[in-house]
Amino acid sequence: MFESERSRKAAKASCMHAAAAGLFVLMCPGLALAETGGLETLWLPIVNFTLYGILLVYLYRRYGASLVRQRSIEIKEQISKVATTLSEAEHQLETVQSRLSDIDEEKAELAKRYEEEGVAMSAAIAKNAKRQAERIAADTSRQIDAELQQAKKMLHNEAVDKAAAIARSKIGSDLSAEQDRLLRRSVVQEFIVKENS
């Protein structure tokens, strides 16, 4: 397709050059005759001009056409690159503008989310602190109960020891040795029964 189009353009250009040269050849002798009166003085400039025209057309087709074609291809490529770059820049601009329009919404969403997280964290901290305080109170209560039980046992033991001492001293003077032994045994058994319960 390109070859036929190129050959058609070349043929068209050749026909145009040939027509221009033929018109010039036809007109120049008439003009020269009108001014000088002789046709023979005009043939040398006409041949010279025709050869010059043929040389120009040959050089243009040989070197100039390919340079012009190459330059037009380069310009088209540069235009396509610039168009691509421009479309990418416009796309990036649209993306940035859409992000800028969404920033206020994102900022509001972030503020709301951080506020909700802060409320949730403060509730969790308060709940943990309450649980820890309850645990400390329970531990303290257990410790106090244990110490009270131990103190009661100590007081009970001291009371028993003092009561026994007082009873021994009172009874020891009034009792015989056999009665003293039986009394001690019954007190010890009573004390063991109380300790076990």
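Rule-based calculations on the coordinates, nothing more; no lab input. All of these numbers come straight from a predicted model, not from anything done at the bench. Cβ: placed from backbone, ideal geometry, glycine included. Neighbour counts: every protein chain shown.
Some observations on this one:
- The 3J(HN,Hα) values that the Karplus relation (6.51, -1.76, 1.60; θ = phi - 60°) gives for segment 155-162 are, in residue order, 5, 4, 4, 5, 5, 5, 4, 5 Hz. Gly and Pro appear as x.
- Efficiency of FRET from Cβ geometry, residue 134 and residue 192, R₀ 41 Å, rounded to 0.05: 0.55
- Extension gain for residue 164 to residue 119 (0.36 nm times residue separation, less C-alpha to C-alpha distance): 9.5 nm.
- Taking label points 7 Å from Cα along the Cα-to-Cβ direction, residue 47 and residue 184 give a separation of 17.2 nm.
- Were the residues from residue 56 through residue 68 laid out at 0.36 nm apart, the gain over their Cα-Cα distance would be 2.8 nm.
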